[in-house]
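Only one structure is covered here, and it is reproduced in the block below.
The values are calculated or read from the model by the stated rules, or taken from the named source; none is laboratory data. Because the structure is predicted, anything quoted here is derived from the model rather than measured. Please note: Cβ atoms are built from the backbone with ideal geometry, for glycine as well, and neighbour counts cover all protein chains shown. Areas reflect the complete protein model, heavy atoms only, side chains present, ligands, DNA and RNA absent. Shrake-Rupley method; radii C 1.70, N 1.55, O 1.52, S 1.80 Å.
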Amino acid sequence: MYQPAAFSEDRPEVLHDLIRTHPLGLLVSAGAQGLIADSIPFLMYADEGEFGTLRGHLARANPHGPALRDVDDCLIAFTGPQGYITPSWYAAKAEHGKVVPTWNYAAVHVWGKPRVIDDAAWLRRLVGDLTNSQEHRLRAPWAVEDAPEDFISGMLRAIVGVEIPIRRIEGKFKMSQNRAMPDRVGVVNGLRALGPDSETLAALVAQRGEVPDA
């Protein structure tokens, strides 16, 4: 990952938090079949291994599963809040006009050797944990136990698990930190004017750019 110093983030707790809040990762591996990529949700187990461990699952019919058995490394890319930044929000536009658009985003990249797991009890725990990690926010949360046991058993036979002890992890929070303070203020105000969908990104720009009273 290209890492200008202003955007680099290496605190494990911050990187793990982005993965937890944006768990859909792009799993990429390169083997005999060439490059393969799949988007799958992962759970982060921060207390396992030097940098944590990721766990998820793939459809048994997915050729990525067999391919993972033969590789020594894979990459998982997680993307957090992101959005287009117009130069119209910069104070510098009115001052000298030497401005261009950009894109703000938060991302975490993880590397590790994958392990494919074909164990019903392991998979049952995983799908329960993964379900609970999302359902707990709902007014009437669904649990795996709500479905008939024979149905769940059949579904488990259709998947394989993936476990990746993290060997390397990098984070990047590109949030206008390289701009002068008046431009950062303009970005925060501009994003907030777009409405609630941009509030999370605006808050990150304010936090990372140390925008006062934002």
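Among residues of the stretch 13-31 that are closer than 14 Å to Leu58 by Cβ, those with a Cβ under 6 angstrom from a residue that is part of a strand (DSSP E or B) and of a type in the set (D, E, K, R), sequence gap 6+ or separate chain, pair up as Leu27/Asp38. Each residue in the stretch 165-189 was checked for being hydrophobic (A, V, I, L, M, F, W, C), closer than 27 Å to Trp111 by Cβ, open to solvent by less than 30 Å² (accessible area, probe 1.4 Å) and in contact with a helix residue (DSSP H, G or I) (Cβ under 9 Å, 6 or more places away or on another chain), and 2 pass. Just a yes or no: is a residue in the stretch 144-160 under 26 Å from Met1 (Cα atoms) and modelled with pLDDT of 95 or more? Among the residues of the stretch 144-160, not one is under 26 Å from Met1 (Cα atoms) and modelled with pLDDT of 95 or more, which makes the answer no.
The single condition among (1) surrounded by fewer than 14 Cβ atoms within 10 Å (Cβ to Cβ); (2) closer than 30 Å to Leu194 by Cα; (3) in contact with a helix residue (DSSP H, G or I) (Cβ under 7 Å, 6 or more places away or on another chain) that Pro141 does not satisfy is (2). Picking from residues in the stretch 54-70 that are open to solvent by 10 Å² or more (accessible area, probe 1.4 Å) and of a type outside the set (Gly, Ala, Ser), the one that is nearest to Ala30 (Cα to Cα) is Asp70.
Restricted to strands (runs of 3 or more DSSP E) entirely inside the stretch 20-110, those with at least 2 residues that are over 14 Å from the mean Cα position of the chain (by Cα) are 24-31, 34-41, 53-59, 74-85. Can you find even one residue in the stretch 89-109 that is in contact (Cβ under 8 Å) with a residue 40 or more places away in the chain, surrounded by 14 or more Cβ atoms within 10 Å (Cβ to Cβ) and out of contact with any helix residue (DSSP H, G or I) (no Cβ under 9 Å at 6 or more places or on another chain)? Within the stretch 89-109, one or more residues are in contact (Cβ under 8 Å) with a residue 40 or more places away in the chain, surrounded by 14 or more Cβ atoms within 10 Å (Cβ to Cβ) and out of contact with any helix residue (DSSP H, G or I) (no Cβ under 9 Å at 6 or more places or on another chain).
Within the stretch 111-126, restricting attention to residues that are open to solvent by 60 Å² or more (accessible area, probe 1.4 Å) and among the basic types (Lys, Arg), the residue that is farthest from the chain's Cα centre (by Cα) is Arg125. Taking each residue of the stretch 63-88 that is at positive phi and looking for partners that are in a loop (DSSP other than H, G, I, E, B) and open to solvent by less than 20 Å² (accessible area, probe 1.4 Å) with beta-carbon atoms closer than 8 Å, six or more apart or interchain, yields nothing.
Of the residues making up the stretch 32-53, those that are without any contact (Cβ under 8 Å) to a residue 60 or more places away in the chain and open to solvent by 70 Å² or more (accessible area, probe 1.4 Å) are Ala32, Gln33, Leu35, Ser39, Asp47.
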